[in-house]
Amino acid sequence: MSRITLKQVAAQASVSVQTVSHILNDRPDKPYKQATRDRVLDAARKLGYRPNAAARSMVTQRTRNIGLVMHTNPEAWFNTVDAYEIMLGLNALLSPKGYICSMIPVGSLSKPGSESRIFREQVLDGVVVCGHADHNVYERIEQSVELCIWVDTDINHPQGCIRRDEQHNAYLAAMKLAELGYRKIIWMDYALHWSHYSHRDRQAGLDKAMRDFDLQGDTLPCTQSWIGKSPSTIARKLGPDVAVITSRHQFAHSLVHTLLHENLRPGYDYGLATLDISNDSEHAWPGLCSVQTDRSIIGKLAGHMFLNALENKGKLPDSVCLQGTWHAGDTAWGPR
């Protein structure tokens, strides 16, 4: 079966080949009457025209491919879920514009010369870098790709970065629990973790709340994704006026299941809230008290930044720091 050409579409629509090219490539700088656009699109549809991506990229100097750089290794316990939700938002915004999103594991950039061909051959129009990575990886990305959007990373440029305001989020959770009457807050997080900005900012927010509301503090470090502590060890730390704040909703799930062995219930025998919850878990456990920041919205915001930069010859928009909102559930009612 022979390939339908722009010339055939142009003849069918009674317009020039250049007009067909502009309309099918959705050139914003080339406005046409809606009737002309409809005629060209209808002709292309009837003839079964399929654009040649390789030929188009030679003309436009764009591949309409964007990469999402993320962790996929087992040591990054929960990062894949976060990045997947960001990818959904990114794809929801860019797919209708004709862009293809490709996942790129951070591991493929760990050593000089190990980059895949998508970097070596400039297959991408740009990348969205998501989550923690070593600074040498960040530098290699910046050297390889002209357009980078940084999402939830340690990169904090005035332009092109999206972060969650983790200091605000931690302070907000502790404040809400203090208002409910809890007098002691236990912070539950990884025992060992990377030096990601979120860990520092969360601790700063908690420390400030402890001072402002005269709260006692303690920690519950998790050595595994399922906590790695015996139920009795955890139970000795708890009480009706004690609330646990987990860094991740997965830790909240693990805590509740672990404490079932001690017949301890969140919201009754202790308070429970989390600083980070996925869309999936939000629907599965709507009663979990949490500070919510929708990562699919972060993905859409990254997509907007990407398109804005392309339209402005690579100039990145101002960076954004998003504050979460408190969701009052049934896992923290206050001491009884």
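The values are calculated or read from the model by the stated rules, or taken from the named source; none is laboratory data. Note that the coordinates shown come from a computational prediction; the quantities given were computed from them, not determined experimentally. Neighbour counts are summed over all protein chains in view; Cβ atoms, including those assigned to glycine, are modelled from backbone coordinates with ideal geometry.
Of the helices (runs of 4 or more DSSP H) lying entirely inside the stretch 201-314, the ones with 3 or more residues being at pLDDT below 95 and in the same structural domain as Val129 (by TED's automatic domain parsing) are found at 295-311. Hey, any hits in the stretch 255-269 for a residue that's closer than 19 Å to Asp201 by Cα and in contact (Cβ under 8 Å) with a residue 12 or more places away in the chain? No: zero hits. Tell me yes or no: at least one residue of the stretch 151-174 is without any contact (Cβ under 8 Å) to a residue 60 or more places away in the chain, touching a strand residue (DSSP E or B) at 6+ places or on another chain (Cβ under 9 Å) and under 23 Å from Ala235 (Cα atoms). Within the stretch 151-174, not a single residue is without any contact (Cβ under 8 Å) to a residue 60 or more places away in the chain, touching a strand residue (DSSP E or B) at 6+ places or on another chain (Cβ under 9 Å) and under 23 Å from Ala235 (Cα atoms).
Return yes when Ile298 is in contact with a His (Cβ under 6 Å, 6 or more places away or on another chain), of a type outside the set (D, E, K, R) and buried (at least 17 other Cβ atoms within 10 Å of the Cβ) and no when it is not.
Answer is no for this residue.
Could you identify the single residue in Cys161, Cys222, Cys148 that is out of contact with any helix residue (DSSP H, G or I) (no Cβ under 8 Å at 6 or more places or on another chain), buried (at least 17 other Cβ atoms within 10 Å of the Cβ) and of a type in the set (A, V, I, L, M, F, W, C)?
None of the others qualify; the one that does is Cys161.
Residues that are among the hydroxyl-bearing types (Ser, Thr, Tyr), farther than 19 Å from Ser144 by Cβ and at pLDDT 60 or above: does the stretch 101-116 have at least one? No: zero hits. The set of residues in the stretch 1-20 being in a helix (DSSP H, G or I) and not polar (S, T, N, Q) consists of Leu6, Lys7, Val9, Ala10, Ala11, Ala13, Val17, Val20.
Among the residues of the stretch 323-335, those identified as touching a helix residue (DSSP H, G or I) at 6+ places or on another chain (Cβ under 7 Å) and either assigned to a strand (DSSP E or B) or surrounded by 17 or more Cβ atoms within 10 Å (Cβ to Cβ) (or both) are Gly324, Trp326, Ala332.
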